[in-house]
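Student: My questions all concern the structure below.
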Amino acid sequence: MRKAFAEALERAADGRELSREDLQVLLGADEQESASLFELADEVRSRFVGEDVHLRGLIEFSNYCAGNCLYCGLRKNNRRLVRYRMSPAEIRESARRAAGLGCRTIVLQSGEDGFYTAEVLADLISRLKEELDVAITLSIGDRTWAEYALLKEAGADRYLLKYETSDPCLFSALRPGTTLEERLKRIAWLKELGYQVGSGNIVGLPGQSLETLVGDILLLRGMGVEMAGIGPFIPGDRTPLGRFPPGTLEQVLKTLALARLVLPRAHLPATTATATLDARSRARALKCGANVIMPNMTPLPYRGDYRIYPGKDGLGEMPEESYAKAVRTVKSAGRRVARDFGHGYGNL
Ligand code: 5AD
Ligand code: SF4
């Protein structure tokens, strides 16, 4: 083990603030060093958030998107994608099914689809909250302050809005017409409005360097979010980035472990993108700092069309199978399924 690595790891173990140099050394871990980093992240996870794994039921209710992100299969220029929208009644039916299986949180996710006005979504959320004893997380992209406020008022508890990359040039190059600054402003809004906020980044994006990833971790720490989703870049065959290599599992797990070290109390999912790299990697992520799995509760007829990237994990599964698989993963990692809502406690 390199001396600088051992020293940085010791600082992390003592709960001291890691410098940019520390993060760089830790992210550059070789195989043997990685094992020590993962062990520490697992210990910190156990100490701060315990053995519970939260299962958040994911409903991908529309794959229409006004965005045109170069890495994403839902981009509006992808004319080969069959588009769908679930009706509010269908969404409610899926949510009932997810709650019946045991999900204490329902995540409503879609592309940036203005078809669902904030009023329609607010009505849906308040009905769901009335009918089911669940927390509601939204993952529907950029909206106005007034819309976020209305949705919060209706009962939404959490919001996921990733910064994707901390490099402002890369951000604008990959997400045409948008800026990192705007995105960070929205994340700040969501916090102000009282949402528990989730963010996160993609590991292995074309044009990303080790320094970018260090910047990603620093940004994550600075934001002090309650949740962070970290997953690999998966090249999409129907996107302009289809020929670039995917992010590596090792790099994802190291980034995840660092996220746990800088945000000890955060809820960190073993993401679907990570599971897409290799079926066993969800269980590995649970041992590198993760404490959340988001089983897919999207009904089968739509599931294949929520094609953010190819080869997505769980494509042919019914919601029941996805849920059972998540429970098995939790057990195989020697952990237990949480029964409470798993609200964040902040990172202050
Ligand atoms: N690889 C990995 N993650 C992706 N996302 C979009 N496209 C890809 C891809 N090719 C993720 C982004 C975004 C969410 C919709 O999916 O992080 O927040
Ligand atoms: Fe749309 Fe989000 Fe995909 Fe961008 S990443 S194209 S905003 S779904």
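Student: Among the residues of segment 240-272, count how many are surrounded by 23 or more Cβ atoms within 10 Å (Cβ to Cβ) and either part of a loop (DSSP other than H, G, I, E, B) or within 16 Å of ligand 2 (Cβ to nearest atom) (or both).
Tutor: The qualifying residues number 5.
Student: To continue, here is another question. Test residue 173 against the criterion of being out of contact with any helix residue (DSSP H, G or I) (no Cβ under 7 Å at 6 or more places or on another chain), at pLDDT 95 or above, more than 15 Å from residue 223 (Cβ to Cβ) and surrounded by fewer than 22 Cβ atoms within 10 Å (Cβ to Cβ), and give yes or no. Break it down stepwise before answering.
Tutor: Working: out of contact with any helix residue (DSSP H, G or I) (no Cβ under 7 Å at 6 or more places or on another chain): yes; at pLDDT 95 or above: yes; more than 15 Å from residue 223 (Cβ to Cβ): yes; surrounded by fewer than 22 Cβ atoms within 10 Å (Cβ to Cβ): yes.
Yes; evaluated as a whole, the condition is true for this residue.
Student: Applying the selection to segment 211-236, what residues are within 10 Å of ligand 1 (Cβ to nearest atom), in a loop (DSSP other than H, G, I, E, B) and of a type outside the set (Phe, Trp, Tyr)?
Tutor: Answer for segment 211-236, where residues must be within 10 Å of ligand 1 (Cβ to nearest atom), in a loop (DSSP other than H, G, I, E, B) and of a type outside the set (Phe, Trp, Tyr): 234, 235, 236.
Student: From the residues in segment 117-152 that are in a strand (DSSP E or B) and of a type in the set (Val, Ile, Thr), which one is nearest to residue 200 (Cα to Cα)?
Tutor: So the residue we want is 137.
Student: Could you list, ordered by first residue, the pairs with Cβ atoms under 7 Å in which the first is in segment 299-316 and touching a residue at least 24 places away in the same chain (Cβ under 8 Å) and within 16 Å of ligand 2 (Cβ to nearest atom) and the second is among the β-branched types (Val, Ile, Thr) and not in a helix (DSSP H, G or I), at least 6 apart or interchain?
Tutor: Final answer for the pair search is 305/82; 306/298; 309/234.
Student: Additional query: Looking only at segment 80-111, which residues are of a type in the set (Ser, Thr, Tyr), in a loop (DSSP other than H, G, I, E, B) and in contact with a Pro (Cβ under 9 Å, 6 or more places away or on another chain)?
Tutor: To start, the set of residues in segment 80-111 that are of a type in the set (Ser, Thr, Tyr) comprises 84, 87, 94, 105, 110.
Within this subset, residues satisfying the condition of being in a loop (DSSP other than H, G, I, E, B) are 84, 87.
Within segment 80-111, 84 is the sole residue that qualifies.
Student: Right, next: Only one of these is within 21 Å of residue 341 (Cα to Cα) and either away from ligand 1 (no atom under 15 Å from the Cβ) or part of a helix (DSSP H, G or I) (or both): 155, 114. Name it.
Tutor: 155
The values are calculated or read from the model by the stated rules, or taken from the named source; none is laboratory data. All values derive from a computational prediction rather than experimental measurement. Note that each Cβ is placed from the backbone with ideal geometry, even for glycine, and that neighbours are counted across all protein chains shown.
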